[in-house]
Amino acid sequence: MLISHFHHGPVSAHPHDYPDGAHQERHIHREAQLLYAMCGTMRVVTAQGAWVIPPTRAVWIAPWIEHEIFMSGKVCMRSLFIDPELSPANLSQCCVLAVTPLLRELILKAVQAPRHAKNPLIQQLMLEEIASLENLPLHIPMPEDRRLQGICLALLQTPDHPNTLEDWAQQVGASSRTLARLFQQQLQMSFNAWRQQLRLMEALPRLIAGQSVQSVADQLGYGSARAFSAMFRRLLGHNPREYLSALNQLSAINASR
């Protein structure tokens with residue numbers, strides 16, 4: 001399904017709120033989209049992979065990428081739609097971005113007063129901010145090889161599955177060396193790195209929903225909360241409590257707007 005926002009101008013801002021469990025069916029648009037989560041967690045899924053967007057973060061969706069969106073918790077979605085000709089050159093693929101306080105204010109202003117989104121100076125400032133945002137490791141790529149697809153789909157359904165790559169090799173009829181090589185060739189990461197990314201994606205909505213670090217660590221197959229926290233810090237730069245505290249502070253600021 002094609003959805004177009006071009007008639008609103010080169011940059012337009014749109015607010016949408018969704019209840020827990022809501023789903024935007026697969027669709028495409030000719031514009032690029034910066035999808036920002038004021039509150040709630042979203043998961044964007046394409047043929048190439050999945051991206052999880054915690055509150056106060058954003059996902060960049062390149063033009064003409066078919067995608068669907070799943071909501072976890074009440075979601076306050078704020079979107080910028082940008083003419084493809086104005087899209088930053090370094091954002092040719094989907095990715096999760098860390099939104100700066102300045103860009104957050106620009107997005108909220110644009111949503112509240114559409115004239116701000118039409119101001120050429122504000123447009124240029126928004127685009128420069130977007131181009132400079134930090135890319136966060138909240139992406140799960142999907143492979144093309146059918147053997148790897150079987151492994152990845154099984155883990156998507158059961159993220160705490162204990163199988164090693166050697167165990168999977170026996171099930172799919174390929175050597176562990178072949179599978180390791182295919183992971184690097186098709187996904188540019190090892191099997192263990194892919195599984196860590198998946199577990200991080202699964203952990204965020206659970207932590208944001210109020211589950212304890214220990215409970216989430218147990219659910220995702222970690223031997224201890226310390227091991228889980230170490231993985232979390234390695235991928236996101238903060239331990240779970242620090243990360244959630246920062247999210248809560250930003251969410252409180254957004255809620256007061």
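Whole Å is fine, so just give me how far the alpha carbon centre of region 24-40 lies from that of region 126-151. Result: 15 Å between the Cα centres. Count Lys and Arg as plus one, Asp and Glu as minus one, and take only other residues whose Cβ is under 10 Å from that of Phe232; the net charge is then +3.
Once both labels are positioned 7 Å from their Cα atoms along Cα-to-Cβ, the gap between Gln184 and His16 label points is 4.1 nm. Note that region 16-124 carries a Kirkwood radius of 14.1 Å, evaluated over its alpha carbons pair by pair.
Using bins of 5 Å that start at zero, the share of Cα-Cα pairs per bin across region 142-247 amounts to 2, 12, 23, 22, 15, 13, 9, 4, 1, 0, in whole %. Contact order for the chain, expressed relative to its length and based on alpha carbon pairs under 8 Å spaced 6+ residues apart, stands at 17 percent. Estimated purely from DSSP H runs of n ≥ 4, each contributing -39500 (n - 2.57), the mean residue ellipticity at 222 nm for the chain is -13500 deg cm²/dmol once divided by its residues. Return one number: the angle in degrees, 0 to 90 and rounded to the nearest 10, between the long axis of the Cα atoms of helix 120-131 and the longest principal axis of the Cα atoms of the chain. Helix 120-131 sits at roughly 10 degrees to that axis. Restricting the calculation to alpha carbons of region 77-223 gives Rg and Dmax of 20.1, 60 angstrom. For region 6-136, the Cβ-based charge dipole about the Cα centre amounts to some 260 debye (Lys, Arg positive; Asp, Glu negative; other atoms uncharged).
Taking the Cα atoms only, what angle lies between the long axis of helix 225-236 and the longest principal axis of the chain, rounded to 10 degrees? Taking Cα atoms only, the helix is inclined about 50 degrees.
With respect to the chain, whose longest principal axis is taken over its alpha-carbon atoms, helix 146-157 is tilted by about 70°. Descending by average beta-carbon neighbour count within 10 Å, the peptides 102-112, 18-28 line up as 102-112, 18-28, the highest first.
Sites listed here are chymotrypsin sites (Phe, Trp or Tyr not before Pro) in region 36-138 whose DSSP assignment is loop and whose Cβ has at most 14 other Cβ atoms within 10 Å: Trp64. Among rounded, prolate and oblate, which fits region 203-243 when a ≥ b ≥ c are the square roots of the eigenvalues of its C-alpha gyration tensor, a/c under 1.5 means rounded, and a/b larger than b/c means prolate? Judged from the Cα gyration tensor, region 203-243 comes out oblate (a/c at least 1.5, b/c at or above a/b). Other residues lying with their Cβ under 11 Å from the Cβ of Glu31 contribute a combined charge of -1, Lys and Arg counting +1, Asp and Glu -1.
Any read-out appearing in this document is the output of simple, stated calculations on the displayed coordinates, not a laboratory observation. Just so we're clear, the structure is a prediction, and the values are computed from it rather than from any experiment. Neighbour counts are summed over all protein chains in view; Cβ atoms, including those assigned to glycine, are modelled from backbone coordinates with ideal geometry.
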